[in-house]
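**Q** My questions will all concern the structure given below.
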Amino acid sequence: MRKDEFMKRLNDSLYSLGRDEREEIIYDYEEHFENGFADGLTEEEICYNLGNPDKIASSYTGHRNRYKVEPRGTVGGGIFATLALIFINLIFVLGPALGIIGVVFGFCIAAISISFSGLALTLGAFIPVAYSYITLPFQLSFITIFFTGIGLTALGLLFCIGMYFVVKYLIIGIKYYIDFNVKIIKGA
Amino acid sequence: MNIQFKKGVLALCVLTLVAKKDCYGYELVQAISEDIEISEGTIYPLLRRLSKDNLLSTYLKESDGGPPRKYYKITPEGLRKQMDLEDEWKDFSKKVERILRR
């Protein structure tokens, strides 16, 4: 294998990492190649000694904390921790989590529907036939419907933006919690 | 040899070498592969993990006629870890010895 191919495969296999981290890693291997060339090695020899780039990449992206001389935590402990975790998750975490997800989902739908109803109202203001579908106890003028529509659209979009952040942090929170569970199971 | 096991021992080797003097990656790779047969590519991920865990710190230093090299330096935490791992290793190898002599 040549250097270019090695670097490309390494870089491709590291796609799950951020760009900064990937560049830092790639830099280490650039340096390695430079030093190897200075020692009079060929590209092929250096690549051969380094090993499979996909495997190397997986040791960056895979689970951390693997440098203990002896594996700590016996298999029994691991099973116990796993069972306890499943138990706790089922009883205490699952219900509230589903509840929160449901509420957030509901709010998202509300945000989207407010936006659309605002839009419909704004456009509907131009179609006099549509007036008969807006049932209010008093007669509405074109201007009222039009600006109510714009106001409602703006409100809905703001709501959408707000929900975007709520969903984002909710997902981050869930990921964090899952990682935490995985760590416990793996005995880190 | 078992890969997991080798990795643990490698961490001990790297920490020990860096504790003696600051090294750059390639230097460490050469020093270790002199005695232990490894894919050289396993050292860099290890160095990165050790740095992330604050056992090693890094700095760049100019080299003559090349790009600056990344040097690794041991931290106080790293030194403690090195001692722990060394004790663990000695204890472990003693036990293996005992089993072999049975």
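The values are calculated or read from the model by the stated rules, or taken from the named source; none is laboratory data. Remember, it's a predicted structure, so these values are computed and weren't measured experimentally. Ideal geometry is used to build each Cβ from the backbone, glycine not excepted, and the neighbour counts take in all protein chains shown. SASA here: full protein model, heavy atoms, side chains in, ligands and nucleic acids out. Shrake-Rupley method; radii C 1.70, N 1.55, O 1.52, S 1.80 Å.
**Q** Show me, for the stretch A:101-111, the HN-Hα J-couplings you get by feeding each phi into the Karplus relation (A = 6.51, B = -1.76, C = 1.60, θ = phi - 60°), rounded to Hz, glycine and proline as x.
**A** 4, x, 4, 4, 4, x, 4, 4, 4, 4, 4
**Q** Of the listed peptides A:121-128, A:97-104, what is their order by residue-averaged count of other C-beta atoms within 10 Å, with the highest listed first?
**A** Listed from highest to lowest mean packing, they are A:121-128, A:97-104.
**Q** Next up: Taking the Cα atoms of chain B alone, what are Rg (to one decimal) and Dmax (as a whole number) in Å?
**A** 15.0, 57
**Q** Please list, in order along the stretch A:175-182, the HN-Hα scalar couplings obtained from phi with the Karplus expression 6.51 cos²θ - 1.76 cosθ + 1.60 (θ = phi - 60°), rounded to whole Hz, x for Gly and Pro.
**A** Listing the rounded values in order: 4, 4, 5, 5, 4, 4, 5, 4 Hz.
**Q** Counting pairs of alpha carbon atoms under 8 Å apart in space and at least six apart in sequence, what relative contact order in percent does chain B give?
**A** Working: 86 pairs, mean separation 29.5, N = 102.
It comes to 29 percent, rounded to a whole number.
**Q** Still on this model: If R0 is 35 Å, what FRET efficiency do you get for A:Cys108 and A:Ile150 from their C-beta distance, rounded to 0.05?
**A** FRET efficiency, A:Cys108 to A:Ile150: 0.95.
**Q** Using only protein heavy atoms and a 1.4 angstrom probe, determine the accessible area buried between B and A, summed over both sides, in Å² to the nearest 100. Display every interim value, and only then the final one.
**A** Working: alone 7340 and 14020 Å², together 18520 Å².
What B and A bury together is about 2800 Å².
**Q** Keeping all protein chains in place and using 1.4 angstrom, which order do A:Met1, B:Met83, A:Met163 fall into by accessible surface area, from largest down?
**A** Ranking A:Met1, B:Met83, A:Met163 by accessible area, largest first, yields B:Met83, A:Met1, A:Met163.
**Q** In Å, what Rg and Dmax follow from the Cα atoms of the protein assembly as shown?
**A** Expressed in Å, the Cα Rg and Dmax of the protein assembly as shown come to 29.6, 101.
**Q** Can you list the trypsin sites (Lys or Arg not before Pro) in the stretch B:16-68 that are in a DSSP coil and have 15 or fewer other beta carbons within 10 angstrom?
**A** Values: sites: B:Lys20, B:Lys21, B:Arg48, B:Arg49, B:Lys52, B:Lys61; in loops: B:Lys21.
In loop regions of the stretch B:16-68 (DSSP not H, G, I, E or B), the sparsely surrounded trypsin sites (Lys or Arg not before Pro) are B:Lys21.
**Q** Follow-up question, since we're still on this one. In chain B, which whole DSSP H runs stretch at least 24 Å along their own axis (Cα) and average -0.5 or higher on the Kyte-Doolittle scale? List each step's numbers first, then the result.
**A** Numbers: long enough: B:3-20 (26 Å, 1.38); B:76-101 (38 Å, -1.38).
Counting only whole DSSP H runs, the qualifying helices are B:3-20.
**Q** So how exposed is B:Tyr71, as accessible area in Å² (1.4 Å probe, rounded to 10)?
**A** B:Tyr71 exposes around 30 Å² with every protein chain in place.
**Q** For the protein assembly as shown, what is the accessible area per residue in Å² when the probe is 1.4 Å?
**A** Each residue of the protein assembly as shown exposes 64 Å² on average to a 1.4 Å probe.
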